[in-house]
Amino acid sequence: MKSIAILGSTGSIGCNALKIAAMFPERFSIKALAAKNNIELLARQMETFQPEVVSVFDGATAANLRRILPADCPSEILFGEDGYRAVAAHGSTDVVLSAMVGAAGLLPTLTAIQAGKEIALANKETLVMAGEIVMETARHKGVRILPVDSEHSAIFQCLAGQRRGDLLRIHLTASGGPFRDRPAHTFHTIKPADALKHPNWTMGQKITIDSATLMNKGLEVIEAKHLFNVPFQAIQVVIHPQSMIHSMVSFQDGAVIAQLGAPDMKGAIAYAFSHPERLPLGISTPDLAAVGALTFQHPDLAKFPCLRLAYEAGEAGGTLPAVLNAANEEAVSAFLAEQLTFDKIPLVIEAVMSAHGNMTSPTLTDILQADQWARQEARTLIRKGFQKPGMG
Ligand code: MG
């Protein structure tokens, strides 16, 4: 029996993880849950899984949660940063699924690593912001970090049984998002509702916008660098609109190994929970004859500058990846609030990156300060009605 804590239980990854736990009650037991403020869903999850401890975003949300729970609910209810840390380090868990949205996932995930918990990592921002510190802490604590991001799970599966010295390259596949074939000069007219229609995957709002700008792929490049300890030059992105191949690796003898499957996150989550065993998840294998053709193309970095910016931030290292991430989170939330047009998202990020005095070998405090600085800077630019530098 594996005991699991979920950071981000009401999000898309968290809900899929709970579906797996419900399918295999003899294998998985849910001991702790953390969510932001979706208390109706959290209360239903608590009723089904009876976790020992639960945490939400703040005290008011915790009070509202208590109000809708049955009076005899045995779960301990916590809130805030301390509550999230308590869930992450909860005594009776073996594995922590890190699936909060964005930068908020970093500190609870680090707490779980420091407590010696195995990590099933869906929150890529943890590695984008503080990859060196997170991986070093995991090594020091002897903690495994198993990828849940579908591309990184695919790479992990392709590398099973291979000699790492033979690895030549990682090929991260990307669907290209809903605007792959849309002319860039029309990007300023894109509405949030258009960008929230991902062609192949059903995901949360933030990651769906990141998929439309290709920032998600850029963050995944940085994530792959840290997870698999390969240089940026050895990580290539290839556009693959059918989303059938989840990623590939190539070796020095010219061989390429790809991992294929239906676009269902349960596959990657269950593999992180049960590796090296594979569970009967009821996901049907793709009918390749029905799919007909798998196609590939190079990403268009002029049309999707976010991918280029992520490579630049990753190569530079230091606090710049955290700045990239923070500016992106602010730009995406401004776009969703219709305060920023889609075409300006990369311009805001690039301007914030240019204004940043990068710091090499940063401490965690340096990284968190850079994150806060970049958010302020991005908000100021957005409030001023962002103009491209030199255009007025
Ligand atoms: Mg992914």
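Bear in mind these aren't lab numbers, they're just calculated from the coordinates by the rules spelled out. What you see is a predicted model, and the numbers here were worked out from it, not measured in a lab. Cβ: placed from backbone, ideal geometry, glycine included. Neighbour counts: every protein chain shown.
Work out which helices of the chain, taken as complete DSSP H runs, extend at least 27 Å along their axis over the Cα atoms and score a mean Kyte-Doolittle of -1.0 or more, then list them.
What comes out of the filter, once short or polar helices are dropped, is 364-383.
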**Asked** Going by average Cβ neighbours within 10 Å, how do the peptides 318-326, 376-384, 224-232 rank, with the highest at the top?
**Response** 318-326, 224-232, 376-384
**Item:** Separation of alpha-carbon centers, segment 320-356 and segment 146-208, rounded to whole Å
**Value:** 19
**Spin-label pair L301/A160, simplified geometry with 7 Å Cα→Cβ offset, distance in nm** = 3.4
**Request:** Work out from phi, with θ = phi - 60° and the Karplus expression 6.51 cos²θ - 1.76 cosθ + 1.60, the ³J(HN,Hα) of each residue of segment 89-105, listed in order in whole Hz, and give x for Gly and Pro.
**Result:** 9, 3, x, 8, 9, 9, 10, 10, 8, 8, 9, 6, 8, x, 4, 4, x
**Item:** Unit charges at the beta carbon, dipole of the chain: most positive-side option, G204, I4, L106
**Value:** G204
**Request:** Find the relative contact order for segment 317-384 and round it to a whole percent, using C-alpha pairs within less than 8 Å whose residues are 6+ positions apart.
**Result:** 52
**Residues whose placed amide H lies under 5 Å from that of Q259, excluding near-sequence neighbours** = H246, S247
**Fill in**
Filtering GluC sites (Glu not before Pro) in segment 261-333 by DSSP loop and by at most 11 other Cβ atoms within 10 Å leaves E277
**Message:** Students often get this wrong, so check it: of K124/K344; K117/K206; K2/K31, which have C-alpha atoms separated by over 18 Å?
**Reply:** K124/K344; K117/K206
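With viscosity set to 0.692 mPa s at 37 °C, what whole-number translational diffusion coefficient in µm²/s follows for segment 2-147 from Stokes-Einstein and a Kirkwood radius over Cα pairs?
Approximately 220 µm²/s, per Stokes-Einstein.
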**Asked** What is the dipole size for the chain, taken about its Cα centre, with +1 at each Lys and Arg Cβ and -1 at each Asp and Glu Cβ, in debye to the nearest 20?
**Response** 260
**Asked** Given a cut-off of under 8 Å on Cα pairs at least six residues apart, what relative contact order in percent is computed for the chain?
**Response** 14
**Prompt:** Where a ≥ b ≥ c are the square roots of the eigenvalues of the C-alpha gyration tensor, would you call segment 233-392 rounded, which needs a/c under 1.5, or, failing that, prolate if a/b is larger than b/c, or oblate?
**Reply:** prolate
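Rounded to the nearest 500, what is the 222 nm mean residue ellipticity of the chain from helices alone, with -39500 (n - 2.57) per DSSP H run of 4+ residues and division by all residues? The partial results should precede the final answer.
On the way: 16 runs with 179 residues, N = 392.
-14000 deg cm²/dmol, from helical runs alone.
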**Item:** Dimensions (Å) - the chain, Cα atoms, principal axes, largest first
**Value:** 62, 52, 41
**Asked** By per-residue mean of other Cβ atoms within 10 Å, what is the highest-first order of 1-11, 235-245, 22-32?
**Response** 1-11, 235-245, 22-32
**Asked** Once amide H atoms are placed 1.01 Å from N in the peptide plane, what residues at a sequence separation of 5 or more from E118, or on another chain, have their amide H within under 5 Å of its amide H?
**Response** V96
